[in-house]
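Asker: Got a structure for you, questions after.
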Amino acid sequence: MEFCRQRGWQLFLLWVVLIVSGCGHLSERSAVMPADWTARSAQLEAIDAWYVQGRLGVSTASQGGSLDVLWNQQAGHYQIRVLAAMGQGAFFIDGDADGVRMRSADGGLHTAASAQQLFAETLGVSLPLTSLQRWLRGLPGKTARDLLWDERGHLYIFQQQGWRVEMTRYRTVDGIELPHAFFLSRADQPELMIRLILRTWQLRDLPAFEP
């Protein structure tokens, strides 16, 4: 009995520590724009070419899964390769000002005016790819609201076009601090959760586009 009481107090104290730590962590988020945000955002805006590799997880009310993503962006032209686990499928996306093409592993070809439309029609999930081009660099869109920054002045959370966007794990890439983890959700689709965790972030020595 004495052991149970001691164990109970230990668990209670642990709970208190976690709550206090969580409150302290939350207090480090600020809605006040950092003094250097104008200069920092201009630096991020100047990035128009990159290569990233990561893991994309999508969860809906009826299904869920993870995909490997390789994204090569050079100015207005991008190519994205999406690979399902265990060889269950692959898609190759090529997009520019003329539209978006998606080629599947079986040779099927789909076209659309935008990548978001293409994802919705072929994969059943409306990924905000155009917005992700900004979010990847740690930038909000022009219609973003409720912006919060972390204690180091990195953009952390905001709302944009129905999406709640959280970006974390900032690391330095060629002298620029860039986010490596993204979590997306929607209040009007509470069952939809999207996460993107980047393993590779390159700004130089980018691979050539595939034919």
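The values are calculated or read from the model by the stated rules, or taken from the named source; none is laboratory data. Here the structure is a predicted model, which is why all the values come from computation and not from measurement. All Cβ positions, glycine included, derive from the backbone under ideal geometry; neighbour counts span all protein chains shown.
Asker: Residues to consider are Thr172, Thr143, Thr111; find the one that is among the β-branched types (Val, Ile, Thr), part of a loop (DSSP other than H, G, I, E, B), modelled with pLDDT of 85 or more and surrounded by fewer than 18 Cβ atoms within 10 Å (Cβ to Cβ).
Answerer: Working: Thr172 fails: part of a loop (DSSP other than H, G, I, E, B); Thr111 fails: part of a loop (DSSP other than H, G, I, E, B).
Answer to the check: Thr143.
Asker: Just one of (1) surrounded by fewer than 16 Cβ atoms within 10 Å (Cβ to Cβ); (2) closer than 19 Å to Gln74 by Cα trips up Leu136, so point out which.
Answerer: Against the list (1) surrounded by fewer than 16 Cβ atoms within 10 Å (Cβ to Cβ); (2) closer than 19 Å to Gln74 by Cα, Leu136 comes up short only on (1).
Asker: Continuing with this model, one more query. Tally time: how many residues in the stretch 178-211 are of a type outside the set (S, T, N, Q), under 15 Å from the mean Cα position of the chain (by Cα) and surrounded by 13 or more Cβ atoms within 10 Å (Cβ to Cβ)? Write out each step before concluding.
Answerer: As a first pass, look at the stretch 178-211 and keep what is of a type outside the set (S, T, N, Q): 178-184, 186-188, 190-199, 201, 203-211.
Checking the rest, the ones that are also under 15 Å from the mean Cα position of the chain (by Cα) come to 178-184, 186, 192-199, 201.
From what's left, surrounded by 13 or more Cβ atoms within 10 Å (Cβ to Cβ): 178-184, 186, 192-198, 201.
Here the count works out to 16.
Asker: Could you go through the stretch 76-90 and let me know if any residue there is under 18 Å from the mean Cα position of the chain (by Cα) and within 30 Å of Trp149 (Cα to Cα).
Answerer: Within the stretch 76-90, one or more residues are under 18 Å from the mean Cα position of the chain (by Cα) and within 30 Å of Trp149 (Cα to Cα).
Asker: From the set of residues in the stretch 175-211 that are among the aliphatic types (A, V, I, L, M) and in a loop (DSSP other than H, G, I, E, B), which is modelled with the highest pLDDT? Break it down stepwise before answering.
Answerer: So the first thing to find is which residues in the stretch 175-211 are among the aliphatic types (A, V, I, L, M), and the list is 176, 178, 181, 184, 187, 192-194, 196-198, 203, 206, 208.
Applying the additional criterion that residues be in a loop (DSSP other than H, G, I, E, B) yields 187, 203, 206, 208.
Working: Ala187: 94, Leu203: 97, Leu206: 93, Ala208: 90.
Among them, the one singled out is Leu203.
Asker: Another question, then. For the stretch 74-81, does any single residue satisfy the condition of being among the charged types (D, E, K, R) and more than 27 Å from Ala187 (Cα to Cα)? It would help to see each step written out before you state the result.
Answerer: Of the residues in the stretch 74-81, the ones among the charged types (D, E, K, R) are 81.
Cutting the leftovers down to more than 27 Å from Ala187 (Cα to Cα) gives us 81.
Checking the stretch 74-81: at least one residue is among the charged types (D, E, K, R) and more than 27 Å from Ala187 (Cα to Cα).
Asker: Sort out which residues of the stretch 17-56 are modelled with pLDDT under 50 and either surrounded by 10 or more Cβ atoms within 10 Å (Cβ to Cβ) or within 30 Å of Pro207 (Cα to Cα) (or both), and write them in order of number.
Answerer: In the first step, residues of the stretch 17-56 are kept if they are modelled with pLDDT under 50; the result is 17-27.
Val17, Leu18, Ile19, Val20, Ser21, Gly22, His25, listed by residue number.
Asker: A follow-up question, please. Select from the stretch 153-188 the residues that are out of contact with any strand residue (DSSP E or B) (no Cβ under 8 Å at 6 or more places or on another chain) and touching a residue at least 12 places away in the same chain (Cβ under 8 Å) and write down the one among them that is farthest from Glu28 (Cα to Cα).
Answerer: Asp188
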